[in-house]
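*Asks:* Let me give you the structure first, and then I'll get to my questions.
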Amino acid sequence: MPKIFIAFLLLTLFLFACKNKEQKTEEQNDSIPMESSMIKSEKPIIRLNSKSEELVATWAEYQKFDELITQYQEISMNEALLNSVELSELALQLRDSIRVEKLDLPEVKIRLNVLYSETLRLADMSTIPTITEALVAQENNNVIDAYSALNLKINNMSSQDQLNEEISKFVDEVLDEPKRDSLDIKDEDNQDN
């Protein structure tokens with residue numbers, strides 16, 4: 001009986017030692033940082049023109065999002081994933097807080113929804129342990145493209161407003177000119193001869 005007890009005790013100690021070794025190996029693997037490869041966006045972010053910048057100057061959520069997304073043009077994979085939750089939270093705040101009345105339109109809201117969806121996908125990728133750099137880079141490009149589409153829409157709206165103002169001024173000038181009859185013009189030509 002004592003031989004069985006000693007054999008059982010040795011087997012238990014052996015299994016316990018193996019389990020501790022596995023835990024230490026896992027801890028060491030967790031503490032080794034992933035390679036920090038850089039992700040560079042395929043296209044630059046389309047920036048706002050001066051009129052559009054004036055339009056969103058008081059929109060604090062836009063300014064915060066713009067500050068963070070600018071870093072995503074060239075960022076390490078680890079940083080992109082670590083900051084992705086914050087980026088998606090800022091995108092949600094941006095979507096829910098349209099402070100500029102001119103931008104409170106369905107076209108802008110759609111672009112904000114797409115931007116938020118893309119940031120959520122990137123944030124979800126941070127929870128996948130076996131995610132590849134190529135997938136993160138592609139989603140990073142999708143986020144930047146969605147943000148560029150938003151900026152492009154805001155720029156187009158500002159340009160359209162400016163064009164409408166110029167057309168309105170032109171029409172006002174044409175209507176304010178003294179009306180001259182075509183016969184008056186002919187009479188003036190005949191008098192000069």
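The values are calculated or read from the model by the stated rules, or taken from the named source; none is laboratory data. Values in this document were obtained by computation on a predicted structure and should not be read as measured data. All Cβ positions, glycine included, derive from the backbone under ideal geometry; neighbour counts span all protein chains shown. The protein model used for the area step is the full one, side chains on, heavy atoms only, and it has no ligands, DNA or RNA in it. Shrake-Rupley method; radii C 1.70, N 1.55, O 1.52, S 1.80 Å.
*Asks:* Go through segment 93-136 and count every residue that is open to solvent by 30 Å² or more (accessible area, probe 1.4 Å), of a type in the set (S, T, Y) and modelled with pLDDT under 95.
*Replies:* 4
*Asks:* Filter segment 38-67 for residues that are under 19 Å from L112 (Cβ atoms), surrounded by 11 or more Cβ atoms within 10 Å (Cβ to Cβ) and of a type in the set (S, T, Y); which is modelled with the lowest pLDDT?
*Replies:* Ranking the qualifying residues of segment 38-67, first place goes to S52.
*Asks:* Next question. Would you check which residues across segment 137-151 are more than 11 Å from the chain's Cα centre (by Cα) and open to solvent by less than 40 Å² (accessible area, probe 1.4 Å) and list them?
*Replies:* Within segment 137-151, just A137 meets the criteria.
*Asks:* Has segment 87-106 got any residue that is closer than 19 Å to M38 by Cα, out of contact with any helix residue (DSSP H, G or I) (no Cβ under 6 Å at 6 or more places or on another chain) and part of a loop (DSSP other than H, G, I, E, B)?
*Replies:* no
Yes or no, residue by residue, for (1) among the charged types (D, E, K, R); (2) under 21 Å from S41 (Cβ atoms):
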| site | (1), (2) |
| --- | --- |
| D124 | yes, yes |
| Q138 | no, yes |
| L152 | no, yes |
| S168 | no, no |
| V174 | no, no |
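*Asks:* Among the residues in segment 108-116, are any closer than 20 Å to I39 by Cα and of a type in the set (A, V, I, L, M, F, W, C)?
*Replies:* Looking through segment 108-116, at least one residue is closer than 20 Å to I39 by Cα and of a type in the set (A, V, I, L, M, F, W, C).
*Asks:* How about segment 45-64: which of its residues are assigned to a helix (DSSP H, G or I) and either touching a residue at least 40 places away in the same chain (Cβ under 8 Å) or closer than 17 Å to N156 by Cα (or both)?
*Replies:* S50, K51, S52, E53, E54, L55, V56
*Asks:* If you don't mind, there's one more thing I want to ask. Return yes or no: is A149 over 18 Å from I39 (Cβ atoms), small (G, A, S) and at pLDDT 95 or above?
*Replies:* So A149 fits the description; yes.
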